[in-house]
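S.K.: Pasting in a structure now, in structure tokens, and then I'll have a few things to ask.
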Amino acid sequence: MRKRRPQRHAIAAYAQHRETPQTNPHLAAAILEIVDTQLRDDTPPETRQTFDRLVTDGYTAEGARQLLAHVVVREIFSVMARGEHYDQARFVAALHRLPRLPDATEETE
């Protein structure tokens, strides 16, 4: 059976299904800079691997960056709001799940 390629998305697919809150453009730029640094420095290497996989699966480079940014934001939230330590295993696991994003129950756990 032939694998169906998803349509190309200029932005992450989740934006089509959720109401997009007002975004601070400076914060968004800072998060994307983190993603770009991870891609450039290959740290962790799973970020580049995930980016390449998403692009191969039909996402635009910008759409892939947005999905990666979502994982970065969730990890920052876990550290800052929940008082947890950075967990590279958790971060990498979230990368491996992309493009699937957590649902509301996973976000509150």
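S.K.: Looking at the structure I just gave you, is THR47 under 13 Å from LEU98 (Cβ atoms) and out of contact with any helix residue (DSSP H, G or I) (no Cβ under 8 Å at 6 or more places or on another chain)?
M.R.: Criteria not met by THR47.
S.K.: Let me ask something additional. Considering only residues that are of a type in the set (D, E, K, R) and in contact (Cβ under 8 Å) with a residue 12 or more places away in the chain, look in the range 62-82 and name the one that is surrounded by the most Cβ atoms within 10 Å (Cβ to Cβ).
M.R.: Within the range 62-82, the match that is surrounded by the most Cβ atoms within 10 Å (Cβ to Cβ) is ARG65.
S.K.: Let me ask something additional. I need every pair where a residue in the range 83-109 that is closer than 13 Å to THR47 by Cβ and outside any loop (DSSP other than H, G, I, E, B) has its Cβ under 8 Å from the Cβ of a residue that is among the basic types (Lys, Arg) and modelled with pLDDT of 95 or more, sequence separation at least 6 or different chains.
M.R.: Filtered contacts from the range 83-109: no entries.
S.K.: For PRO6, indicate whether it is surrounded by 11 or more Cβ atoms within 10 Å (Cβ to Cβ) and at pLDDT 60 or above.
M.R.: When the stated conditions are applied, PRO6 does not pass them.
S.K.: Then there's this: So if I check each of TYR14, TYR59, which one is touching a Leu at 6+ places or on another chain (Cβ under 8 Å), surrounded by 12 or more Cβ atoms within 10 Å (Cβ to Cβ) and modelled with pLDDT under 90?
M.R.: TYR14
S.K.: List, please: which pairs have Cβ atoms under 6 Å, are six or more places apart or on different chains, and start with a residue in the range 26-52 that is part of a loop (DSSP other than H, G, I, E, B) and end with one that is at pLDDT 95 or above and not hydroxyl-bearing (Ser, Thr, Tyr)?
M.R.: ASP42/ARG48
The values are calculated or read from the model by the stated rules, or taken from the named source; none is laboratory data. Small disclaimer: the values here were computed from a predicted structure and weren't measured. Here Cβ is always computed from backbone atoms with ideal geometry, including for glycine, and neighbour counts include all displayed protein chains.
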